[in-house]
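Enquirer: Structure in structure tokens, see below.
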């Protein structure tokens, strides 16, 4: 049975710099500017359905070119430090990012964030067991409850994200693997051990690791990029996350999605400092999910994301 709740229609979601919805138009590194260093501003605005969300994330910082070589392995390499906030009416993430691309095929990053949940749009919602029901109908029921012991509430926490992206290109074809390991610590209601992560669409542990991996196969065609993306999200729960005597074999994770992506690079206006301006659409069907493969949502309904991103060189 397909279920579409007001919670999904109103929920606002955010992402850190690694959600992977901002699709790279090609696998080639940027051309270095005349100066080795520059201030940059980047922005990503995206709309997502199943689950639905609208988010904006930005990054403002200083980027320094590590090489002026034309060698394909070192061309466009850089190091960057930036302030990386993500904001919405539902919650905000206030981050500091350090990123380095030592080779054109490898990018490493670390992002530290202070996370605030405003208690709006049905978040934050937490539970006392990973086996708890976090389906759309249940989240709507809890959101509309007048019982403050089970209703959504405001809270805060911290998160550290370690990222590694490996990419390569042969002719007009490219492949990319983008991994993120997220260690987060969230302040939850007394007695609760997990919470619904509206961004990753899983029950996340109060304290612990979440792992996400996006794997892309791409075809480059001028300003267009066509491809296929597989997304894997996994986590684990300590035995202490379960009430005494409850089975610990939860089926929450891993979740998997697979589907096509399309991105188009837009030409900047003459004299503009905007670079890598693009629009994109990503469509992925759920291969594994506790509730989205026919249980409460139709297995034929994919996740769909569309949006706009750009980089701006500050003069």
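None of the figures in this text is laboratory data; all of them are computed from the coordinates on show. Keep in mind it's a predicted model, so treat the numbers as computed, not measured. Glycine gets a Cβ as well: all are built from the backbone with ideal geometry, and neighbour counts include every protein chain shown.
Enquirer: Counting only C-alpha contacts under 8 Å and six or more residues apart, can you give the relative contact order of the chain as a whole percent?
Expert: So the answer I get is 18 percent.
Enquirer: If I model a spin label at residue 58 and residue 219 as a point 7 Å from the Cα along the Cα→Cβ vector, what separation in nanometres do I get?
Expert: 3.8
Enquirer: How long is the gain from residue 81 to residue 234 if the chain were fully straight, where each residue apart is worth 0.36 nm and the alpha carbon distance is subtracted?
Expert: 52.3 nm
Enquirer: Select one label from (i) 16.1; (ii) 18.6; (iii) 13.6: the one whose number is mean projected area of the Cα convex hull in nm² as derived from the coordinates shown.
Expert: Answer label, from the structure shown: (i).
Enquirer: For an R0 of 30 angstrom, estimate the FRET efficiency from the Cβ-Cβ distance between residue 154 and residue 133 and round to the nearest 0.05.
Expert: 0.85
Enquirer: Can you give the relative contact order of the range 111-182 as a percent, counting alpha carbon pairs under 8 Å and 6+ residues apart?
Expert: Averaging sequence separation for qualifying contacts and normalising by length gives 36 percent for the range 111-182.
Enquirer: Expressed in nm to one decimal, what extension gain is obtained for the pair residue 164 and residue 69 from 0.36 nm per residue of sequence separation less their Cα-Cα distance?
Expert: So the chain would gain 31.9 nm between residue 164 and residue 69.
Enquirer: I would also like to ask the following. Give me the percent relative contact order of the range 185-229, please, defined on Cα pairs under 8 angstrom at least 6 residues apart.
Expert: In percent, rounded to a whole number, it is 25.
Enquirer: Now a separate question. Between residue 244 and residue 36, what is the label-point separation in nm under the 7 Å Cα-to-beta-carbon projection?
Expert: 6.4
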